[in-house]
Amino acid sequence: MKQVRPKKNLGQHFLTDLNIAKRIADTVDACPDIPVLEIGPGMGVLTQYLVEKPREVKAVEIDSESVRYLYEKFPKLRDNILGEDFLRMDLTKVFDGKPFVLTGNYPYDISSQIFFKMLDNKELIPCCTGMIQREVALRIASKPGSKQYGILSVMIQAWYDTEYLFTVDEDVFNPPPKVKSAVIRMTRNKVTDLGCDEALFKRVVKTVFNQRRKMLRVSLKPLFGKDNMPSPEFFADDMMTKRPEQLSVDDFVALTNKVSQVLP
């Protein structure tokens, strides 16, 4: 069977260590009894362990060469190998509207986009696991006060409990990436309503982290524009002397509600 050539334009780095592949596949066991969707299976190094589990597995792969390889390697899985772009898929149709676990060795250059799509479909995805660039994993799992804490941290932790599971070195890939990787798990928390306008919450978080080194009384101003600036009393609140990385998810909810009261 002809090996698949890793493609730089798709950010492909094929994992070669089978022990690590099995460890990653086993991370889905924390959310049992529901189907699994694997993103970017490549040559099936994770897939071979996922299909051993007593649940339905589907794999979405944008690379046509990899799809042909997977058809040969996993003939019984042929109908469940989806030659599509995950970012363009309607996830309600993958398992007929049923919840599923998301996993994979994610392409580094689109991992954040994958997780934002997960958030848009959070009611369908109670658990997401997999391998990403270590820097992004640290960002997702970091707590307020750390340098890594940012937009991705707040947006994901609002809806998911995050776990940084283990680090993976560069030498277990073909070709080796220039950075270390890490395996994470995100499990839906019990939040069903943030307690604020969710769309405004996203705007507030993104706006203030665009100027993360500045106090909120400065970084919030682009949200309003020159013609709709709140009164000086609004910016006199004690919270306005903080920087965005000092705020917890609950603080951002409270901030969003403050902003909603003064937005026109």
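The values are calculated or read from the model by the stated rules, or taken from the named source; none is laboratory data. These numbers were taken from a predicted model, which means no experiment stands behind them. FYI the Cβ positions are ideal-geometry reconstructions off the backbone, even for glycines, and counts take in every protein chain you see. Quick note on the areas: whole protein, heavy atoms, side chains included, nothing else; ligands and nucleic acids left out. Shrake-Rupley method; radii C 1.70, N 1.55, O 1.52, S 1.80 Å.
Worth pointing out:
- Taking a straight Cα-Cα cut-off under 18 Å and skipping sequence neighbours fewer than 8 places away in the same chain, the lysines within cross-link reach of Lys178 are Lys7, Lys8.
- Rg to Rh, two decimals, where the range 145-264 supplies the alpha carbon set and Rh follows Kirkwood: 1.08
- Take every pair of alpha-carbon atoms less than 8 Å apart whose residues are at least six positions apart; their mean separation over the length of the chain yields a relative contact order of 16 percent.
- Candidate lysines for bridging to Lys242, where Cα separation is under 17 Å - those fewer than 8 sequence places away on the same chain excluded: Lys143, Lys147, Lys206, Lys214, Lys221, Lys258
- Counting DSSP beta bridges with both ends in the chain, the antiparallel % (nearest 5): 55 percent
- Ratio of the Cα radius of gyration of the chain to 2.2 N^0.38 Å, where N counts its residues: 1.12
- For the range 1-140, taking the reciprocal of the average inverse distance between every pair of different Cα atoms yields a Kirkwood hydrodynamic radius of 15.1 Å.
- Portion, in percent, of the accessible area of the chain that falls on carbon or sulfur, probe 1.4 Å: 48 percent
- For the chain, the residue among Pro175, Cys31, Ile114 whose Cα projects farthest onto the positive side of the dipole built from Cβ charges is Pro175.
- Close Lys pairs in the range 21-117, defined as Cα atoms under 14 Å apart and 8 or more places apart or on different chains, number 4.
- Over the range 165-217, accessible surface divided per residue gives 56 Å², non-protein components excluded, 1.4 Å probe.
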